[in-house]
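The values are calculated or read from the model by the stated rules, or taken from the named source; none is laboratory data. Keep in mind it's a predicted model, so treat the numbers as computed, not measured. All Cβ positions, even for glycine, are placed from backbone atoms using ideal geometry, and neighbour counts span all protein chains on display. What goes into the accessible areas is simple: the full protein's heavy atoms, side chains included, and nothing from ligands, DNA or RNA. Shrake-Rupley method; radii C 1.70, N 1.55, O 1.52, S 1.80 Å.
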Amino acid sequence: VDTGYAVHISRMSATGRYIYVIGRDGKLALVDLWMEIPTKVAEVQTCYDARSVEVSKYNGELGDFTDKYAIVGCYWPPHFTIMDGETLEPFKVVGVRGYTADTNTYVGDPRVAAIVASEHKPEWIVNVKETGQVWLVNYTDPMNPTIKMISSALYLHDGGWDSTQRYFMVAANQSNKIVVVDAL
């Protein structure tokens, strides 16, 4: 399936029906795995250089958001895009320019690295690499997402959940640290 240039991350939908594929060219492809031959059913260009994609996975007392929204994190321009999980229609573009967690130095081109979805809350964890900030992005209202910014260590990169999916762990490679966020 043609999904773009230099595929970087592929994420399964919560239902297992779709796979979201982001290439470094910033193109997000949605592949339907339940078709007789897996087929790309939607595509969107979110930026010129991207590294991460995730889909909403929360289903609880605040509602069922399973596969309802997707998010793409971009290197250039520095932002993330929230979109419809089935059509990939963009809802919101959020810039990530800001100040570093350590010296409060302005960074004009921070990159969005790893993004993961919580199954305990309707939110994504977004790493803003050069600022050393971990953003908890609540997507209950995708047009007006609530964002909690946590200062951590510079150059956040790849990360993932512990076995309980309570703690998010991410490498801050240039700081030679592992950052652990209690996501509950």
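Between A6 and T103, the simple spin-label model (points 7 angstrom out along Cα→Cβ) gives 2.8 nm. Report the FRET efficiency, 1/(1 + (r/R0)^6), for D84 and K177, where r is their Cβ-Cβ distance and R0 is 30 Å, rounded to 0.05. Efficiency computed from Cβ-Cβ geometry: 0.25. Convex hull volume of the Cα atoms of the chain, normalised per residue: 107 Å³.
Comparing L30, G85, F168 along the charge dipole axis of region 22-174, the residue lying farthest to the positive side is F168, per the Cβ-charge model. When only the Cβ of Lys, Arg, Asp and Glu is charged (+1, +1, -1, -1), the dipole of the chain relative to its Cα centre reaches about 440 debye.
Computed with a 1.4 Å probe over protein heavy atoms only, the accessible surface of the chain comes to 47 Å² per residue. Sorting the segments 128-134, 37-43 by their mean number of nearby beta carbons within 10 angstrom, highest to lowest, gives 128-134, 37-43. Between S151 and L184, the simple spin-label model (points 7 angstrom out along Cα→Cβ) gives 2.8 nm. Stretching the chain fully between D158 and V41 yields a gain of 39.3 nm (0.36 nm per residue, less the alpha carbon separation).
Taking label points 7 Å from Cα along the Cα-to-Cβ direction, L33 and H120 give a separation of 2.6 nm.
The string of couplings for region 42-48 from the Karplus curve (6.51, -1.76, 1.60, θ = phi - 60°) is 7, 8, 8, 9, 9, 5, 9 Hz, one whole number per residue in order, with x for Gly and Pro.
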